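Each remark here refers to the structure printed beneath this line.
The values are calculated or read from the model by the stated rules, or taken from the named source; none is laboratory data. This is a predicted model, so every value here is computed, not measured. Note that we place each Cβ from the backbone using ideal geometry, even for glycine, and neighbour counts take in every protein chain shown.
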Amino acid sequence: MLRPESVAERMLTNAKQRAKRKGSYVSISKEWILERIIKGKCEVTGLDFTLGGGYGSGRSSFNSFNPSLDRIDPNRGYSPENSRVVVNVYNTTKHRWNDQDVLVYCKALLGRTFDYYLSDVENNMRFKTLRGLAYSRYIKAKRTAKEKILDFNISIDWVEERIKRGICEITNLRFVTNIPYHPFQPSLDKIDPMKGYTTENTRVVVYIHNWGRQRSSDQDMMILAKSLIK
């Protein structure tokens, strides 16, 4: 198990590096972070923190419930008013979006029925054709597989056919294709993150599920959803 002091120090270092890259700022201290880690619970979900394995946020982290430093508004810096210590899986799921997007996703993951706004998917496509959208996802996956030396046997037709269905294979949320980086855009998700893009290991899901899951399991995503939706 990692020492809370070490985790707080590393989280602050990561925040400073990220802020420097983005031309942002950090006005919280190691002590500010440590105080929240010691409390032992995520400030949003109430889930207990773990302190083993990887920590922080991003694809290099292996532990879904280690503490992670989240900015409430991703466009602002790491200030006491804009920062909170949450479980890693919440931070990765929220990504560049907001708390409401996470709640919509979690409700859908649990099969709840609810109303939510989607702009006109059919008549206002970002891509002129579904083929173009499928091609962009296919090329990105193929490049990733080549870089990481992973198996790859899906085709553009295979991707296009699943996008045409219009529904996330996990949440049943309708895909949004007309807004760049929308949380409900279609995305190619590897069921086992350590394996390749094969027809047996790939599914087309909403972007927020793929990005949020990182190396977490579907079970961890369900734990997140149940902690937020009572």
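When residues of the stretch 173-199 are filtered for being within 21 Å of T144 (Cβ to Cβ) and either assigned to a loop (DSSP other than H, G, I, E, B) or among the aromatic types (F, W, Y) (or both), how many remain? It would help to see each step written out before you state the result.
Start the filter on the stretch 173-199 by keeping residues that are within 21 Å of T144 (Cβ to Cβ), which leaves 175, 177, 180-183, 185-199.
Right, trim to either assigned to a loop (DSSP other than H, G, I, E, B) or among the aromatic types (F, W, Y) (or both) and you get 175, 177, 180-183, 185, 191-199.
The number of residues fulfilling the criteria is 16.
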Here the residues within the stretch 139-162 that are crowded, with 19+ Cβ neighbours inside 10 Å and in contact (Cβ under 8 Å) with a residue 40 or more places away in the chain are A141, I154, V159, R162
Please find, within the stretch 19-53, the residue that is surrounded by the most Cβ atoms within 10 Å (Cβ to Cβ) out of those that are modelled with pLDDT under 95 and touching a Leu at 6+ places or on another chain (Cβ under 9 Å). L51
Extreme residue, surrounded by the most Cβ atoms within 10 Å (Cβ to Cβ), among residues of the stretch 61-87 that are among the small types (G, A, S) and in a loop (DSSP other than H, G, I, E, B): S64
Would you please name the residue that is farthest from the chain's Cα centre (by Cα), looking only at residues in the stretch 205-224 that are buried (at least 22 other Cβ atoms within 10 Å of the Cβ) and within 15 Å of L103 (Cβ to Cβ)? L224
Take the stretch 1-15 and flag every residue that is among the basic types (K, R) and either closer than 12 Å to I38 by Cα or buried (at least 20 other Cβ atoms within 10 Å of the Cβ) (or both). R3
Report yes if some residue within the stretch 110-132 is modelled with pLDDT of 95 or more and either within 30 Å of G23 (Cβ to Cβ) or surrounded by fewer than 17 Cβ atoms within 10 Å (Cβ to Cβ) (or both); otherwise report no. yes
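Does I170 satisfy the condition of being crowded, with 17+ Cβ neighbours inside 10 Å, in contact with a Leu (Cβ under 8 Å, 6 or more places away or on another chain) and not in a helix (DSSP H, G or I)?
Details: crowded, with 17+ Cβ neighbours inside 10 Å: yes; in contact with a Leu (Cβ under 8 Å, 6 or more places away or on another chain): yes; not in a helix (DSSP H, G or I): yes.
It is true that I170 is crowded, with 17+ Cβ neighbours inside 10 Å, in contact with a Leu (Cβ under 8 Å, 6 or more places away or on another chain) and not in a helix (DSSP H, G or I).
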